Amino acid sequence: MLRPAHIGHLALLRSLIRDAARDGAFDPALAWDSPAAERFFGELRQALKTGYFVVEDPSSGTVRTVAVPGYVYWADETAGSEPPVGFGLFRAVDDGYELWLTGLEASLRGKGHGRAMLNALFQTPTGRRTRVMRVRRAARSAGAIAHLLAEHGFTATRETDRETWFVRVAPPQPEPRRSVRPPVRGRVH
């Protein structure tokens, strides 16, 4: 189950991101207090508070806002009574969105919850318009994430020393629903 992410989820996201950074899924500098972590979590706070963050184009100096919609995930129907166990944050890009950050409690990985969370995220209006995702190559779960992204029409298109870029040219088409209608009873004229 998904619900929109907000500033009240910052502590949870910080904890999940720090744990994942220790596993190689995020920049290792985010695993502890550092200037990079302070800047990153300050921007994340802004994004959760307003739904946007402000970025400056280094070449022109122009400042603009970037939409950052996001969701928190529960593995069952305990939403509201228990804390969420995962999250997904999107970032607006030129032709849609990037699934910018995702995280899931370590104890739930490998049990189908990553698949369920990605399925739910990609079924949101923002998720249907998502075209890009980057995966850190050092992440223990990089292979599993690549497999899950392929299920959603993503293809690895570029590798850097730290990341693999996945692009979805066209989202997978849902299978057509077949409705079974009961026969109409009555008079035939």
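What to note about this one:
- Each principal axis of the Cα cloud of region 1-137 was evaluated for its coordinate range; sorted largest first, these ranges are 46, 34, 30 Å.
- Under the Karplus curve 6.51 cos²θ - 1.76 cosθ + 1.60, θ = phi - 60°, whole-Hz ³J(HN,Hα) for region 8-22, x wherever Gly or Pro sits: x, 8, 4, 4, 4, 4, 4, 5, 5, 5, 4, 4, 5, 5, 5
- Peptides 56-62, 82-88, ordered by how many other C-beta atoms sit within 10 Å of their residues on average, highest first, read 82-88, 56-62.
- Considering only beta bridges that DSSP places wholly inside the chain, some 90 percent are antiparallel.
- Each Lys and Arg contributes +1 and each Asp and Glu -1, all at the Cβ; summed about the Cα centre of the chain, the dipole is approximately 960 debye.
- Simple spin-label estimate for Arg137 and Thr157 in nanometres, 7 Å along Cα-Cβ: 1.9 nm
- A full extension of the chain between Arg22 and Arg128 corresponds to an added length of 35.1 nm, given 0.36 nm per residue minus the alpha carbon distance.
- Calculated [222 nm] ellipticity per residue, helices only, for the chain: -8500 deg cm²/dmol; basis is -39500 (n - 2.57) per DSSP H run with n ≥ 4, divided by all residues, nearest 500.
- Amide H to amide H distances under 5 Å link Ala67 with Ala92, where only residues 5 or more positions off or on other chains count and H is placed in the peptide plane.
- Calculated P(r) tail over 20 Å for region 84-161, as whole % of Cα pairs: 27 percent
- Overall, the accessible surface of the chain at a probe of 1.4 angstrom is composed of carbon and sulfur to the extent of 52 percent.
- Sites Ala11 and Ser59, calculated FRET efficiency, Cβ-Cβ separation with R0 41 Å, nearest 0.05: 0.70
- Val169 accessible area, 1.4 Å probe, all protein chains in place, Å² to nearest 10: 130 Å²
- Computed from the C-beta positions of Ser34 and His147, the FRET efficiency with R₀ = 25 Å rounds to 0.20.
The values are calculated or read from the model by the stated rules, or taken from the named source; none is laboratory data. Quantities reported herein were computed from a predicted structural model and do not represent experimental measurements. Positions of Cβ are backbone-derived with ideal geometry, glycine not excepted, and every protein chain shown enters the neighbour counts. Surface accessibility is based on the protein's heavy atoms, side chains included, excluding ligands, DNA and RNA. Shrake-Rupley method; radii C 1.70, N 1.55, O 1.52, S 1.80 Å.
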